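Please treat every number below as a calculation from the coordinates, not as lab data. What you see is a predicted model, and the numbers here were worked out from it, not measured in a lab. No Cβ is skipped: glycine too gets one built from the backbone with ideal geometry, and neighbour counts run over all protein chains shown.
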Amino acid sequence: MVDHEDEDADQDDDEDCDGGLDADDDGEQLTCVVRRLLLAPKAEEPPQRHNIFRTRCTVQQKICDVIINSGSSENIVSRRMVEKLGLKTEKHPAPYKIGWIRKGNDVQVDEVCRVSFSIGRTYVDEALYDVVEMDACHMLLGRPWQFDVDAAHRRKDNVYIFKKDGRRIVLKPLTEKGPVNTNVAEKKTFLAVDNEDFMKEVKQSNEVYALVLSGKEDSTTAEIPPGVQTLLQQFDTVMPNDLPSELPMLRDVQHQIDFIPGSRLPNLLHYRMNPKEGEILQKQVDDLVQKGLIRPSMSPCAVPALLVPKKNGEWRMCVDSRAINKITVKYRFPIPRLEDMLDMLSGSKVFSKIDLKSGYHQIRIREGD
């Protein structure tokens, strides 16, 4: 990035002037997208009357926030930054207390740290800082740093000018708005919007930038190994595309419906429903009768059925078995504890999820129930 020369700078210093150093710096946090326009109008910079000097520097390839304040009698570095970057600290020769940087009780300052930092591509320096619990920024350059570099503060433009190794350095403040995040390793978030929200933003904005990726979508799927194909063919009846059109085989486990002795079988009226719902219910009953999963009953026991809408717009037939459940002997069996089941997974490397479609229907009801 190229910054214009200061209009008020002396012409004699043009050869030594390095130009203004913008707040943007080298580091893993920076991502630039450059757009060049001819005769682009120069944006009016916000006034600096109420702004303190903020910029960014690089310490061990990390982007850190810096404040230059002539009202501070010491250079200060955040303890969190020192711990994150693993910087070496020493005992303070003259410990003291401060209470104006962070709210709460006074902060004891008893450690110092020497930090090497760089601002821009040219200015590299090293300074001694007092280590303090600080939320305002990562590093605060006070009067000691300004005295060492003999910096001049041009207050109206809020810039610091000094010379380093025979080169004129101009430090300019950050121009971005909003609070500065003091996290050393800041994570960016990615926001995706759908087509409707995107078109709404397009209509409300004067300019829109879009990144278009060209290329063919890879529609190829991984081939199933021959050994797995043989296994799937061997047990294809376990995972059918649809329910079988006949009753399942008799197994050792069967659904039992034992009534409490002396109970009276309920005989309830069906629920009211409109002709459309009645047609859907009758169609589902006919389908189950055709597959052999249910059969006509002459039992005096009758419980109502009703339709419940699904999320996809279809209807689910539900049987109101509350009355029959009240007189049914409960079949109690202790289920495994979740903690024990998780312990059994210890050391496992291969996991499988087999969807037994309507597995409840794979077990028949005991004859006579």
| said: Positive end of the dipole of the range 243-369, charges at C-beta (+1 Lys, Arg; -1 Asp, Glu), about the Cα centre: which of LEU345, VAL285, ILE363 has its Cα farthest in that direction? | reply: VAL285
| remark: Computed about the Cα centre, the charge dipole of the range 266-315 from +1 Lys/Arg and -1 Asp/Glu charges at the Cβ has a magnitude in debye, to the nearest 20, of 100 debye
| field | Entries of LYS91/LYS172; LYS62/LYS164; LYS62/LYS172 with Cα pairs more than 29 Å apart | value | LYS91/LYS172
| field | Phi-based couplings in Hz for the range 291-299 (Karplus 6.51, -1.76, 1.60; Gly and Pro marked x) | value | 6, x, 7, 9, 8, x, 10, 9, 6
| remark: Charge dipole of the range 226-365 built from unit charges on the beta carbon (Lys, Arg +1; Asp, Glu -1), centred at mean Cα; most positive-end Cα among PRO266, CYS318, PRO336 is PRO266
| If you put +1 on each Lys and Arg Cβ and -1 on each Asp and Glu Cβ, how big is the dipole of the range 229-369 around its Cα centre, in Debye rounded to 20? | 420 debye
| Which of the peptides 68-75, 326-333 is most tightly packed, and how do the rest follow, going by the mean number of other Cβ atoms within 10 Å of each residue? | 68-75, 326-333
| Inter-label distance for ALA323 and LYS349, nm, one decimal - labels placed 7 Å from Cα along Cα-to-Cβ | 5.9 nm
| Between the range 284-320 and the range 106-177, what is the C-alpha centre distance in whole Å? | 78 Å
